[in-house]
1. Restricting to segment B:48-69, give me the number of residues that are in contact (Cβ under 8 Å) with a residue 12 or more places away in the chain, in a helix (DSSP H, G or I) and out of contact with any strand residue (DSSP E or B) (no Cβ under 9 Å at 6 or more places or on another chain).
2. From the set of residues in segment B:1-14 that are away from every other protein chain (no Cβ under 14 Å) and surrounded by 14 or more Cβ atoms within 10 Å (Cβ to Cβ), which is nearest to A:GLU133 (Cα to Cα)?
3. For a quick check of your reading of the model, give me the residue pairs whose first member lies in segment B:14-38 and is β-branched (Val, Ile, Thr), whose second is open to solvent by 50 Å² or more (accessible area, probe 1.4 Å), with beta-carbon atoms closer than 6 Å and at least 6 apart or on different chains.
4. What's the total number of residues in segment A:90-114 that are over 18 Å from A:ASP11 (Cβ atoms) and of a type in the set (A, V, I, L, M, F, W, C)?
5. Take B:SER21 and decide whether it is away from chain A (no Cβ under 14 Å) and either under 23 Å from A:THR68 (Cα atoms) or in contact with a helix residue (DSSP H, G or I) (Cβ under 6 Å, 6 or more places away or on another chain) (or both).
6. When segment A:97-133 is examined, which residues are found to be surrounded by fewer than 21 Cβ atoms within 10 Å (Cβ to Cβ) and over 17 Å from A:LEU35 (Cα atoms)?
7. Here is a list: B:VAL64, B:VAL31. Which entry is at pLDDT below 95 and β-branched (Val, Ile, Thr)?
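The values are calculated or read from the model by the stated rules, or taken from the named source; none is laboratory data. If you're wondering where the values come from, they're calculated on a predicted model, not measured in any experiment. In this analysis, Cβ positions are derived from the backbone assuming ideal geometry, glycine residues included, and neighbour counts consider all displayed protein chains. Note: accessible area is taken over every heavy atom of the protein model, side chains too, but ligands, DNA and RNA are not part of it. Shrake-Rupley method; radii C 1.70, N 1.55, O 1.52, S 1.80 Å.
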Amino acid sequence: MSVSVQSEDFDVGAETVALSTGRNEVGAVATFVGLVRADKCSQVGAGTTAIAAMTLEHYPGMTEKALTEIVTEAENRWPLQGVRVIHRIGRLQPGERIVFVGVASAHRGAAFAACEFIMDYLKTRAPFWKKEETPIGGQWVDARESDDQAAARWARDS
Amino acid sequence: MKLELRYFAGLREALDCAGESVDVPASVATVADLRQWLSARGGVWEALTTQKNLRSALDRTMLVLHAEAQSTLHEGAEVAFFPPVTGG
């Protein structure tokens, strides 16, 4: 398992290849890449310009801990051979990469499921906050109920 | 009891405060008590009890909703308050 919180961009190809290099038991690598969308600024009226950029704030010290706990939970649920999580912080423009999740496993089922699980939990449990730059100033992004529902799908009774 | 407090994102801006060291009276025993104690400062601090969905973390572990009343503080604890997270 490897978790990074950084301002620099990452190389999707290199990170993906690294997940299976030297591990011949890996039969599947599933990856997810999150990008900054050029959303319309919903809070300043219809038909306005797209956001110019966003800034990602986080909780130093807790962020790495939260991401590690999420990956550990994924490793407890599925047989995984490798997990890589990278989340960027600071100012990012539309089209830039924000997050990378890569999961290696013997079979695709575990790789797909664990990758989705990690993203759903990251969205609701990792301490990051997005602030969009709009024509009327900075706007903090509201949390989505759909993200809570996505994470709740993975809840266990025990 | 001395505590280290942290505030993030929109809450940090509203309070104009990223963090502080406080010494709370013995009556402040849980994270829920702390939230009430901070809110009682009045003004912008009332957001801690009036702003919808403000979350918290004790010693860098996010508290599940409604767990604050059972989350006991200790000397040197780090407590953070923040809006729902929006990463990813």
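1. 1
2. Among those residues, the one meeting the criterion is B:LEU3.
3. As it stands, the answer is B:VAL24/B:MET1; B:VAL28/B:TRP37; B:THR30/B:ALA69; B:THR30/B:THR72, since those pairs meet every condition given.
4. 6
5. Against the criterion (away from chain A (no Cβ under 14 Å) and either under 23 Å from A:THR68 (Cα atoms) or in contact with a helix residue (DSSP H, G or I) (Cβ under 6 Å, 6 or more places away or on another chain) (or both)), B:SER21 does not qualify.
6. Selection gives A:ALA106, A:HIS107, A:ARG108, A:GLY109, A:PHE112, A:ALA113, A:ARG125.
7. The conditions single out B:VAL64.
Residue-by-condition table, conditions (1) more than 10 Å from chain B (Cβ to nearest Cβ); (2) among the aromatic types (Phe, Trp, Tyr); (3) without any contact (Cβ under 8 Å) to a residue 24 or more places away in the chain:
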residue: A:LEU92; (1), (2), (3): yes, no, no
residue: A:ARG97; (1), (2), (3): yes, no, no
residue: A:PHE100; (1), (2), (3): yes, yes, no
residue: A:MET119; (1), (2), (3): no, no, no
residue: A:LYS131; (1), (2), (3): no, no, no
residue: A:ASP147; (1), (2), (3): no, no, no
residue: A:ALA151; (1), (2), (3): yes, no, no
